[in-house]
2 protein chains.
Amino acid sequence: MNKNMLGSRERPSTYLNLPYYLHTYLGQLPDPPLSPKTNQPIGPEALAPLFPMELVKQEVSLEKEIPIPDEVRQLYTMFRPSPLLRAKRLEKALDTPAHIYFKYEGVSPVGSHKLNTALAQAYYNKKEGIRALTTETGAGQWGSALALACRMFGLSCHVFMVKGSYEQKPYRRTVMKLYGATVTPSPSDTTHAGRAFLKHFPDTRGSLGMAISEAIEMAVTKPHTHYALGSVLNHVMLHQTIIGQEAMRQMEKEGEYPDVVIGCCGGGSNLAGIAFPFLAQKLSGRVKHLRVVAVEPTACPSLTRGVYRYDSGDTAGMTPLLKMYTMGSDFIPSSIHAGGLRYHGDSPLVSFLYHKKRIEAAAYDQLDVFAAAKVFAQNEGIIPAPESAHAVKHAIVEAIRAKEEGKKKVILFNMSGHGLLDLEGYEQYMEGKLKRE
Amino acid sequence: MNKNMLGSRERPSTYLNLPYYLHTYLGQLPDPPLSPKTNQPIGPEALAPLFPMELVKQEVSLEKEIPIPDEVRQLYTMFRPSPLLRAKRLEKALDTPAHIYFKYEGVSPVGSHKLNTALAQAYYNKKEGIRALTTETGAGQWGSALALACRMFGLSCHVFMVKGSYEQKPYRRTVMKLYGATVTPSPSDTTHAGRAFLKHFPDTRGSLGMAISEAIEMAVTKPHTHYALGSVLNHVMLHQTIIGQEAMRQMEKEGEYPDVVIGCCGGGSNLAGIAFPFLAQKLSGRVKHLRVVAVEPTACPSLTRGVYRYDSGDTAGMTPLLKMYTMGSDFIPSSIHAGGLRYHGDSPLVSFLYHKKRIEAAAYDQLDVFAAAKVFAQNEGIIPAPESAHAVKHAIVEAIRAKEEGKKKVILFNMSGHGLLDLEGYEQYMEGKLKRE
């Protein structure tokens, strides 16, 4: 699409592992996960029932880079390299001297960046003889990605979908079914955990926490079955670095380097994907003036208003304790349309970077986010996913600031997905039905 | 995405005009449009109230090629060149010696090829001082494309959307509104025609024919306002040839040339877009063995079961009479999910080619079409629009035939759009709710 297309030899052949850079140049690493029972650091054996050994190793790796398996690279050609586009019409509409670039992950068949890690996770599981994966999904972006990835590697896929979304958002459910996945509204009567939830809260419309419990229980109790997570963990951040690595090479072809890199931030894989390769350059002293901004909703402001402490990854307390910025694992955010940003915590790596003031954070109300997304769509055509629209909002803020300061500024943000399955939110916004939090 | 990416100098700079090739190498042209009042060939003045003079000229041009305006080429970079992908996993699943390539137009921000002509039409209208465009839309693919194109050129856009679709398919309506278009369910009380329809058929859920009448009436009666059509006419076929021109250059980079080129066929712009550049080579004797197949639904089989005669382009008889394969302008096809293929006639150019046996046609029931689309999605990830799924179905038929005959065969089809706003049809298919016609 653009002049910055990457030839086959210019495409990343490895994932970039940020912990290497933290260890080498900062001499520090995030505090390790703890067992919820002993409060002691967990070993690989704690994760082995859920994840294949290759992913467990990636979770704690201090290698500089990890090769992308050939089979995964081959599947990435379905949609990668994704385009790096310059939002010239938006620049003109804002009358800004800033150059606004975005990496467009919506060209993936499932419409978002989630497929980058889904394919890698399915591959490593398949290689270890696993036959089925379970997972949870809210709005369904992650569930769709894992469903397709499982299909590509001949694995069964069982998705526990938050009941409210299952009923209200039938279309991503249809996508998962089309790829051959089994989709169960959660809580369900197919697991002990689900039956307990139903007994205690018969009218519940479910939550991610409940769905995680069901998915983990099924993975642990069924033979040849593992669990897969779409964000938060180190290996997920790792796989998403393909986004930023491509973007860096594409920016180079444009003769530019970003002054600021922006990603929306729920669990953190979106931000990590675009920003970690640039942060690695900054940590190693190869660039000086780079800023990175994580953008979150005011409805779930874990970085900007949360506390940096150990907390559980799920509501029921089944996961290891993770050191992260958190609203508390019992926090229930209001039902904003950016379902992917409604996580109570943040990736330990992203949290560590924020704690060390290596990245910044900003939070916006969804009304302002939809307003920004509309301006973007009217100028660039692409309708952003509500999650990605948070990055759009902050990119516009940075561009307006550049104008006020009369400075040229190069902005890069991650347009992590399109909003074609989220149009209900846009309709409500245009009809004036959304309220400020 | 693939090795066949086109550099900026390799991208088409002109539209390919098939009538030149028909005139030069066949010495024949389709019969001209006639006035519905006099039954005599119409002159440019009959089209001038609806279309800008540049498009009227293109409608009757015998030039070999027509330059793509710079402003339009610039906007094409939003999504063009679109990818040419090889469906290797589908080939493997079918165990066929055939090579199956598809041109993927779903990367357009509106999700289909319709934007190719919408941008050109909006440009020529803007250049001639027009301030607003009207059009009709069924499911909304064309309306979305024109809405975005109008936005890009600062034109107002008024879309009359068939009332049944307006109520049942709210999401494409949301897309049009987001781009700033006014969307009116048709028939409406905003036009004489609409009021007459409502008086005579108070319970009607509308039809494309009624919506066309309303759009034309508004264009003719409002100052600085024109009408735009998304298929059928020569200038629309012309603009879509950018698809086939790109595909030809991309196939060349793969070292291949198609034995058969396939497109679904409603009004004809989808088929024309992918096939006309290849047909031009065949007409001029540069290739010998190329076949072209138009694929239509059995629910609206204008080529395979219609009659080649003059007929009206709309139900109310307001348009010029066009020589085409037609089911009759009062034919109402059943409400299949491929709304874009529910047109009673066919492009005069496509009809002429079929009459002269220069192209073939095939028709399939939507049950078989959805079955093929599911196989495609499970292997290639992309969920085809129900319209494009007709081309998928025939590509699979050709691939299976190649296997039976033990022949290598190179298949190219137009994946003209994704089906992410048509998932209701897939859901009904998977739930067994669709019946054979």
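Side notes on the structure shown:
- Bridging of A:Lys253 to aspartates and glutamates at a Cα separation below 15 Å is possible for A:Glu10, once same-chain residues fewer than 8 apart are set aside.
- By the Stokes-Einstein formula, at 0.890 mPa s and 25 °C, chain B with its Kirkwood radius over alpha-carbon pairs has D equal to 114 µm²/s.
- Charge dipole of the range A:1-73 about the Cα centre (unit charges at C-beta), most positive-ward option of A:Leu62, A:Pro12, A:Pro33: A:Pro12
- Lys, Arg +1 and Asp, Glu -1 on Cβ, resulting dipole of the range A:338-437 about Cα centre, debye, nearest 20: 500 debye
- Size of charge dipole - the protein assembly as shown - debye, nearest 20, with Cβ of Lys, Arg +1 and Asp, Glu -1, no other charges: 1180 debye
- Distances in nm from B:Gly406 to the matching label points in the other copies, shortest first (labels 7 Å along Cα to Cβ): 8.0
- The range A:32-138 - percent of accessible surface contributed by carbon and sulfur, probe 1.4 Å: 53 percent
- Kirkwood Rh in Å, taken over all unlike Cα pairs in the range A:19-134: 17.8 Å
- Placing a label point 7 Å from the Cα of A:Arg286 along the Cα-to-Cβ direction, the residues of the range A:1-39 whose backbone N falls under 16 Å of that point are A:10-26.
- Distance from the range B:160-199 to the range A:277-338 (C-alpha centre basis), Å: 44 Å
- Chain pair B, A: total accessible area buried, heavy atoms, 1.4 Å probe, Å²: 4000 Å²
- Other-copy label distances relative to B:Ser35, 7 angstrom Cα-Cβ extension, nm: 9.3
- Taking every residue in A:149-157 and counting other chain Cβ atoms within 10 Å of its Cβ, the average works out to 1.
- Theoretical ellipticity at 222 nm over chain A - DSSP helices of four or more residues, -39500 (n - 2.57) apiece, nearest 500: -12500 deg cm²/dmol
- With each label modelled as a point 7 angstrom along the Cα→C-beta vector, the A:Ile400-B:Glu256 pair spans 4.9 nm.
- Of the residues B:Gly340, B:Gly194, B:Ala399, the one whose Cα sits farthest towards the positive end of the charge dipole of chain B is B:Ala399 (charges of +1 on Lys and Arg Cβ, -1 on Asp and Glu Cβ, taken about the Cα centre).
- Rg/Rh for the protein assembly as shown stands at 0.98; both radii use Cα atoms, and Rh follows the Kirkwood definition.
- For the segment B:307-318, counting C-beta atoms of other chains within 10 Å of every residue's C-beta and taking the mean gives 0.
- Gain in span if fully extended, B:Met318 to B:His192, counting 0.36 nm per residue against the direct Cα distance: 44.0 nm
- Å² per residue, accessible surface of chain A at 1.4 Å: 36 Å²
- For the range B:116-229, the residue among B:Ile216, B:Ser165, B:Val175 whose Cα projects farthest onto the positive side of the dipole built from Cβ charges is B:Val175.
- In nanometers and ordered shortest first, the copy-to-copy spacing of the A:Val375 label point, defined 7 Å from Cα toward Cβ, is 4.9.
- Counts of other chain beta carbons within 10 angstrom of each beta carbon in peptide A:81-94 average 1.
- Under 28 Å from A:Lys357, Cα to Cα: lysines that are on another chain or at least 8 residues apart: A:Lys57, A:Lys64, A:Lys103, A:Lys114, A:Lys282, A:Lys288, A:Lys323, A:Lys393, A:Lys403, A:Lys407, A:Lys408, A:Lys409
- Minimum 20 Å² accessible area buried by the other protein chains, the range A:177-205 residues, probe 1.4 Å, relative to alone: A:Lys177, A:Leu178, A:Tyr179
- Cα centre as origin, Lys/Arg/Asp/Glu Cβ charges: chain A dipole, Debye: 680 debye
- Part-to-part distance (alpha-carbon centres) for the range A:402-437 and the range A:1-40, which is given in Å: 28 Å
- Projecting label points 7 angstrom from Cα along Cα→Cβ for A:Ala371 and A:His355 puts them 3.6 nm apart.
The values are calculated or read from the model by the stated rules, or taken from the named source; none is laboratory data. Worth saying up front: this structure is predicted, and the values here are computed from it rather than measured. As a convention, Cβ positions derive from the backbone with ideal geometry for all residues, glycine included, and neighbour counts pool all protein chains shown. Note: accessible area is taken over every heavy atom of the protein model, side chains too, but ligands, DNA and RNA are not part of it. Shrake-Rupley method; radii C 1.70, N 1.55, O 1.52, S 1.80 Å.
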